[in-house]
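Enquirer: Dropping the structure in here first, questions after.
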Amino acid sequence: MSNINELYKRSIFDHNRNPRNFRAMEDASHSCDGYNPLCGDKVNVYVHLDSEVVDDVSFTGSGCAIFKASASFMTSAIKGKTQDQARETVTRFLGMVAGSSDPDPDDNSLGKLSIFQGVREFPSRVKCATLAWHALTCAMDKANGSPEESEPHKDVVSTE
């Protein structure tokens, strides 16, 4: 168990110090801003869609290490997927982190994202880990003609 905790810590620290896809995207087709009022984490998620494919995804923002690492992992996991595949990954990730579902040990669909499973043990950190994921969903909702916030992310995402 100690090796898993060490891997978790190293991965979080690495993605916090060197976040992947941390940049404003000038040619984004859609974006959404998120804010966690409990701790002050702020995120801007940018998506560039090429037809149904998430051709590029990036983020900017400030916040804790868990927020930044989760957003960094998210961009790497989502880039190149179709919107349907991206939404499936979001659903699985949110369920895993919130504790409403356990990843099947034989199912590798979440891959490296599984390291965030331990966040569920710290309820105050769940919103940190999920903020960018909700903002991604918001951006994809906008791409599909839903300008209003949808139920799963209305409490952490501001689209103003």
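The values are calculated or read from the model by the stated rules, or taken from the named source; none is laboratory data. It should be emphasised that the depicted structure is a prediction, and the values quoted were computed from it without experimental measurement. Quick reminder, even Gly has a Cβ in these numbers, built from the backbone with ideal geometry, and neighbours come from all protein chains shown.
Enquirer: Can you tell me which residue among SER109, SER76 is in contact with a helix residue (DSSP H, G or I) (Cβ under 7 Å, 6 or more places away or on another chain) and not aliphatic (A, V, I, L, M)? Break it down stepwise before answering.
Expert: Working: SER76 fails: in contact with a helix residue (DSSP H, G or I) (Cβ under 7 Å, 6 or more places away or on another chain).
Of the residues listed, the single one that is in contact with a helix residue (DSSP H, G or I) (Cβ under 7 Å, 6 or more places away or on another chain) and not aliphatic (A, V, I, L, M) is SER109.
Enquirer: While we're on this one: It is to be established whether one or more residues within region 105-115 are under 25 Å from HIS30 (Cα atoms), surrounded by 13 or more Cβ atoms within 10 Å (Cβ to Cβ) and at pLDDT 70 or above.
Expert: Within region 105-115, the subset under 25 Å from HIS30 (Cα atoms) is 110, 113.
With the extra rule that they be surrounded by 13 or more Cβ atoms within 10 Å (Cβ to Cβ), the set shrinks to 110, 113.
From the residues that got through so far, the ones that are at pLDDT 70 or above too are 110, 113.
Yes, because at least one residue in region 105-115 is under 25 Å from HIS30 (Cα atoms), surrounded by 13 or more Cβ atoms within 10 Å (Cβ to Cβ) and at pLDDT 70 or above.
Enquirer: Something else now. Conditions first: (1) within 19 Å of ASN144 (Cα to Cα); (2) surrounded by 17 or more Cβ atoms within 10 Å (Cβ to Cβ); (3) not polar (S, T, N, Q). VAL43 passes all but one, so which condition is the exception?
Expert: (1)
Enquirer: Hey, among the residues in region 63-93 that are of a type in the set (Lys, Arg) and modelled with pLDDT of 95 or more, which one's nearest to the chain's Cα centre (by Cα)?
Expert: Start the filter on region 63-93 by keeping residues that are of a type in the set (Lys, Arg), which leaves 68, 79, 81, 87, 92.
Those still in the list that are modelled with pLDDT of 95 or more too: 68, 79, 81, 87.
On the way: LYS68: 9, LYS79: 12, LYS81: 14, ARG87: 11 Å.
Across region 63-93, the extreme among qualifying residues is LYS68.
Enquirer: Sticking with this one: Would you mind stating whether VAL156 is in contact with a strand residue (DSSP E or B) (Cβ under 8 Å, 6 or more places away or on another chain), modelled with pLDDT under 85, buried (at least 19 other Cβ atoms within 10 Å of the Cβ) and not polar (S, T, N, Q)? Working first, answer last.
Expert: Details: in contact with a strand residue (DSSP E or B) (Cβ under 8 Å, 6 or more places away or on another chain): yes; modelled with pLDDT under 85: yes; buried (at least 19 other Cβ atoms within 10 Å of the Cβ): yes; not polar (S, T, N, Q): yes.
Taking the combined requirement at face value, the residue satisfies it.
Enquirer: Has region 2-17 got any residue that is modelled with pLDDT under 95 and part of a loop (DSSP other than H, G, I, E, B)? Even if it seems obvious, please write down each step before you answer.
Expert: First pass over region 2-17, keeping only residues modelled with pLDDT under 95: 2-17.
Now drop any that are not part of a loop (DSSP other than H, G, I, E, B), which leaves none.
The answer is no; no qualifying residue exists.
Enquirer: If you don't mind, there's one more thing I want to ask. For PHE59, state whether it is of a type outside the set (Ser, Thr, Tyr) and out of contact with any strand residue (DSSP E or B) (no Cβ under 6 Å at 6 or more places or on another chain).
Expert: Working: of a type outside the set (Ser, Thr, Tyr): yes; out of contact with any strand residue (DSSP E or B) (no Cβ under 6 Å at 6 or more places or on another chain): no.
Spelling it out, it is not the case that PHE59 is of a type outside the set (Ser, Thr, Tyr) and out of contact with any strand residue (DSSP E or B) (no Cβ under 6 Å at 6 or more places or on another chain).
Enquirer: Looking at region 24-31, can you tell me whether even one residue there is exposed (fewer than 15 other Cβ atoms within 10 Å of the Cβ) and of a type outside the set (Gly, Ala, Ser)? Give the derivation first.
Expert: First, the residues of region 24-31 that are exposed (fewer than 15 other Cβ atoms within 10 Å of the Cβ): 24, 26-27.
Now narrow it down to the ones that are of a type outside the set (Gly, Ala, Ser): 26-27.
Yes, some residue in region 24-31 is exposed (fewer than 15 other Cβ atoms within 10 Å of the Cβ) and of a type outside the set (Gly, Ala, Ser).
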